[in-house]
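Q: Pasting in a structure now, in structure tokens, and then I'll have a few things to ask.
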Amino acid sequence: MANTSKSIALSIIFLLSSISCVLSQQENKFLNHGFLGANLLTFGSSKIHQSGLLELTNTSMRQIGQAFHGFPIPFLNPNSSNSVSFSTSFVFAITPGPTTPGHGLSFVISPSMDFSGAFPSNYLGLFNTSTNGNSSNRILAVEFDTVQSVEMNDIDDNHVGIDVNGVISIESASAAYFDDREAKNISLRLASGKPIRVWIEYNATEMMLNVTLAPLDRPKPNLPLLSRKLNLSGIVSEEHFVGFSAATGTVTSSHFVLGWSFSIEGKASDFDITKLPSLPVPPPPLSPSPSPPVSVKKKSSNMKLIIIIATAATFVILFLIFLAVCVFRRRENFTGGARKFSHQTISSATGGFDNSKLLGERNSGSFYKGQLAPTEIIAVKRITCSTRQQKTTLIAEIDAISKIKQRNLVNLHGYCRKGNEIYLVYEYVPNGSLDRFLFNNDRPVLTWVDRFRIIKGIASALQHLHGEVQKPLIHGNVKASNVLLDEELNARLGDYGQGSRHSTTGHVAPELVNTGKATLETDVFEFGVLLMEIVCGRRAIEPTKEPVEISLVNWMLRGVKSGNLLRRCDKRIKKKDLVSEEVSLVLKTGLLCVRRSPEARPMMKKVLEYLNGTESLPHDDYVV
């Protein structure tokens with residue numbers, strides 16, 4: 001009996017050991033044709049279709065979808081601190097939304113599956129402004145990016161990049177595959193809606209990471225798209241998770257993964273493409289109505305001719321009436337791209353302009369938060385026009401500014417008019433205005449990385465208004481309260497294109513006091529003052545300061561002459577986070593912008609080149 005019990009116990013131990021070995025193999029090597037029954041954990045917007053297709057995001061805005069293999073993978077050799085080789089292959093597809101595609105997906109190797117603080121859009125659901133580039137992340141990612149982000153140094157809007165601890169790629173290339181027969185690279189559109197096969201392979205001995213792409217029906221090319229010498233031992237820890245992350249922003253795509261294979265210390269298993277799930281098929285267009293049978297009877301033919309003539313005559317008459325109405329209405333309203341909302345719609349969206357919806361009040365009008373639909377949040381600016389001329393001028397400009405689209409501008413959706421009031425309907429920017437971050441203590445302190453990115457964003461927006469639209473547009477009121485910050489703390493310049501308005505004290509260019517006329521040069525002056533406010537964390541004029549510090553511009557000039565310019569920075573910024581070269585570049589650029597002579601100020605195109613480092617500052621030329 002004792003021998004029998006011992007035999008059973010040994011059998012159980014052997015069985016558990018066998019199961020453990022099998023699980024260990026599953027952790028180190030797997031092949032998924034679709035993901036039904038796969039050991040996969042999904043997060044955010046991701047889901048698995050009945051067909052086995054993995055959908056990371058749909059075409060809704062600002063989504064994050066992630067999926068990770070359920071077991072951690074041992075990426076370090078247990079007998080040493082050296083990393084191991086690995087190989088993975090997967091098939092993905094990106095189907096763009098109604099406009100341009102965004103933002104892309106990435107293959108991720110991470111010590112954790114918790115990305116709760118990550119941002120969507122440019123950050124691909126992996127990082128935020130404070131974690132991006134942090135070496136403690138210990139994350140390796142290969143991104144398939146469909147939006148060009150200037151602040152992330154993206155090369156274009158259709159590229160593959162190798163990312164280490166952040167979304168600024170250490171190596172990138174435009175998406176393409178090597179054609180072995182033609183011996184050249186063939187471009188590949190990531191957001192084509194067609195399946196694309198990827199191979200990612202790391203050789204631990206050579207410390208080489210290779211990334212290869214090809215259409216699903218093509219064999220693996222002989223040459224990879226990207227090759228990068230990389231020591232993963234300093235990045236990965238003993239066990240990491242592997243998976244995918246995708247995100248959308250204000251532009252959207254559906255991101256799909258059809259199949260995935262992975263192997264440690266060996267080649268990833270190949271796919272049987274006939275076993276992969278199919279992508280969703282868009283609904284077919286409606287079939288045209290069948291043509292009625294042709295009658296051979298003369299009487300029937302005559303009747304049809306009469307009906308056709310009568311129908312055509314009716315259509316012409318209705319068209320002429322419609323044209324007349326349009327011409328008549330044009331005298332009162334403009335036509336064009338701006339959407340016209342009813343007052344009832346705007347009032348309902350803002351709860352009857354309830355005080356609880358009030359975002360802020362300024363001289364130019366009051367701002368209210370509104371909700372048109374569950375996923376469509378808006379900001380409504382309520383302007384009371386004191387004169388007929390003011391209303392006429394504003395209405396004439398609405399159509400023009402509604403057509404201006406740029407990533408660092410607040411988009412105007414449309415308008416509404418009632419009596420002497422005009423309502424401008426903007427997209428809602430969640431983090432509010434920049435002045436609250438700079439001059440109040442109720443918001444987090446902006447890091448230097450945040451501030452430098454915000455400055456370049458504002459410069460990019462002004463450059464677009466000044467030089468990239470059909471007719472140069474003067475902002476006329478460039479200040480911190482007119483800069484909004486989105487959920488990723490990107491700058492969004494608002495309140496543009498609404499006639500000449502004088503800026504607040506301290507921002508006014510000298511010639512504007514005499515002429516009262518805003519110009520491109522006065523915008524540059526205002527930007528220069530704002531730039532100093534962002535760096536120093538104080539307003540342009542502060543009467544309670546010491547006499548030499550009341551004017552920010554004069555105080556900054558004293559700083560550059562005495563050689564202690566860096567001491568003018570906001571004391572709340574951690575010194576270890578400051579990049580002295582960037583701080584000096586920004587402040588000296590600001591001093592160039594506030595020179596007394598309008599002709600001596602650089603245009604915004606040149607300013608942007610200074611800030612991006614593509615053009616050197618002039619030497620010793622900062623005297624206003």
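Q: Please rank S121, S562, fewest neighbouring Cβ atoms within 10 Å first, as an exposure proxy.
A: On the way: S121 26, S562 9.
The most exposed by this proxy come first: S562, S121.
Q: Shifting gears a bit: With charges only on Cβ, +1 for K and R and -1 for D and E, what is the dipole size of the chain about its Cα centre, in debye, rounded to 20? The partial results should precede the final answer.
A: Values: 65 positive and 55 negative charges, 477 e Å.
Its charge dipole is roughly 2300 debye.
Q: Right, another one. If contacts are Cα pairs under 8 angstrom and at least 6 residues apart, what is the relative contact order of the chain in percent?
A: Computed over the chain, the figure is 11 percent.
Q: Would you work out the relative contact order for segment 31-275, in percent, from Cα pairs under 8 angstrom that are 6 or more residues apart?
A: 35 percent
Q: Here is a follow-up. If we sort 229-236, 155-162 on the protection proxy, mean other Cβ atoms within 10 Å, highest first, what's the order?
A: 155-162, 229-236
Q: Antiparallel as a % of all DSSP beta bridges within the chain, to the nearest 5?
A: On the way: 109 of 112 bridges.
If I count the DSSP bridges inside the chain, around 95 percent turn out antiparallel.
Q: Which of the peptides 354-361, 508-515 is most tightly packed, and how do the rest follow, judged by the mean count of other Cβ atoms within 10 Å per residue?
A: 508-515, 354-361
Q: Need the C-alpha centroid separation for segment 368-409 versus segment 216-253, integer Å.
A: The two parts, judged by their Cα centres, are 42 Å apart.
Q: Let me ask you something else. For segment 34-75 and segment 154-213, what is the centre-to-centre distance using only Cα atoms, to the nearest Å?
A: Measuring centre to centre over Cα atoms gives 22 Å.
Q: Oh, and also: Report for segment 339-427 the percent antiparallel among DSSP-assigned beta bridges with both residues inside it, nearest 5.
A: On the way: 24 of 26 bridges.
Counting DSSP beta bridges with both partners in segment 339-427, the antiparallel share is about 90 percent.
Q: Quick check: Cα centre of segment 521-558 to Cα centre of segment 440-485, how many Å?
A: That distance is 16 Å.
Q: Can you figure out the FRET efficiency of L358 with N203, using R₀ = 56 Å and their beta-carbon distance, to the nearest 0.05?
A: Details: r = 60 Å, r/R0 = 1.08.
E between L358 and N203, to the nearest 0.05, is 0.40.
Q: Okay, moving on. Net charge within 9 Å of V211 by Cβ-Cβ distance, Lys/Arg positive one each and Asp/Glu negative one each, not counting V211 itself?
A: That works out to -1.
Q: Give the shape of segment 221-272 as rounded, prolate or oblate, defined through the alpha-carbon gyration tensor: a ≥ b ≥ c are the square roots of its eigenvalues, a/c under 1.5 means rounded, and otherwise the shape is prolate if a/b is larger than b/c and oblate if not.
A: prolate
Q: Given the rule -39500 (n - 2.57) for each run of at least 4 DSSP H residues, summed and divided by the residues of the chain, what is its mean residue ellipticity at 222 nm, to the nearest 500 deg cm²/dmol?
A: Estimated from H runs of four or more residues: -8500 deg cm²/dmol.
Q: Another question, then. Need one word for segment 31-275: rounded, prolate or oblate. Basis is the Cα gyration tensor (sqrt eigenvalues a ≥ b ≥ c); a/c below 1.5 gives rounded, then a/b vs b/c decides.
A: Rounded shape, in that the Cα axes give a/c under 1.5.
Q: I need the shape label for the chain. Rule: rounded when a/c is under 1.5, else prolate if a/b > b/c, else oblate, with a, b, c from the alpha carbon gyration tensor.
A: It is oblate, given that a/c is not under 1.5 and a/b is not larger than b/c.
Q: Shifting gears a bit: In nm, to one decimal, how far is the A313 label point from the T387 one, both placed 7 Å along Cα→Cβ?
A: The two pseudo-label positions are separated by 5.4 nm.
Readers should treat all values here as calculations from the given coordinates under stated rules, not as data from a laboratory. Nothing here was measured: the structure is a model prediction, and the numbers come from that model. Quick reminder, even Gly has a Cβ in these numbers, built from the backbone with ideal geometry, and neighbours come from all protein chains shown.
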